Amino acid sequence: MNRKNGSSSEEKIYSKNLFEDARSCTVKILCRCERTDSYLEKLIDAELKNDMLNDFDKALLNEISHGVIRWMRRLDWFLNGFTGEIMKNVCLKSEMH
């Protein structure tokens with residue numbers, strides 16, 4: 001870090017677009033999917049139209065997104081076995097994940 005003018009490589013990293021890589025785009029999609037109950041496929045398709053991601057990043061985004069949803073459903077199934085009912089309280093469900 002250059003102490004005289006206060007600039008550093010970290011500041012350059014944070015000044016870039018937050019959602020420019022596959023992992024951060026996946027987080028954005030999953031948060032939006034959970035928050036708005038949107039269809040995962042539609043959110044992924046909209047993000048895949050983004051020219052900032054190459055083909056490998058697009059494939060990674062798709063795999064991570066589907067994998068997280070798949071494991072969340074499996075966890076829901078597992079947790080419902082302990083509670084004996086479908087967990088309808090989203091806050092409680094989010095805390096248990």
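The values are calculated or read from the model by the stated rules, or taken from the named source; none is laboratory data. All figures in this text were calculated on a predicted structure; none of them were measured in a lab. When we count neighbours, we look across all protein chains shown, and the Cβ atoms used for this are built from the backbone with ideal geometry, even at glycine.
With the structure loaded, tell me whether S7 is under 28 Å from D76 (Cα atoms), in a loop (DSSP other than H, G, I, E, B) and modelled with pLDDT under 90 or whether it fails that test.
On the way: under 28 Å from D76 (Cα atoms): no; in a loop (DSSP other than H, G, I, E, B): yes; modelled with pLDDT under 90: yes.
Against the criterion (under 28 Å from D76 (Cα atoms), in a loop (DSSP other than H, G, I, E, B) and modelled with pLDDT under 90), S7 does not qualify.
A search for C-beta distances below 7 Å between a residue of the range 39-58 that is within 11 Å of E20 (Cα to Cα) and surrounded by 11 or more Cβ atoms within 10 Å (Cβ to Cβ) and any residue that is at pLDDT 90 or above and of a type in the set (V, I, T), counting only pairs 6+ apart in sequence or on different chains, returns E47/I29. The residues in the range 20-59 that are part of a loop (DSSP other than H, G, I, E, B) and more than 20 Å from I69 (Cα to Cα) can be counted, and the count is 7. Scan the range 61-77 for residues that are free of Cβ contacts under 8 Å to residues at least 40 places away in the same chain, surrounded by 13 or more Cβ atoms within 10 Å (Cβ to Cβ) and either within 18 Å of R32 (Cβ to Cβ) or in contact with a Phe, Trp or Tyr (Cβ under 7 Å, 6 or more places away or on another chain) (or both) and report the count. The total comes to 6.
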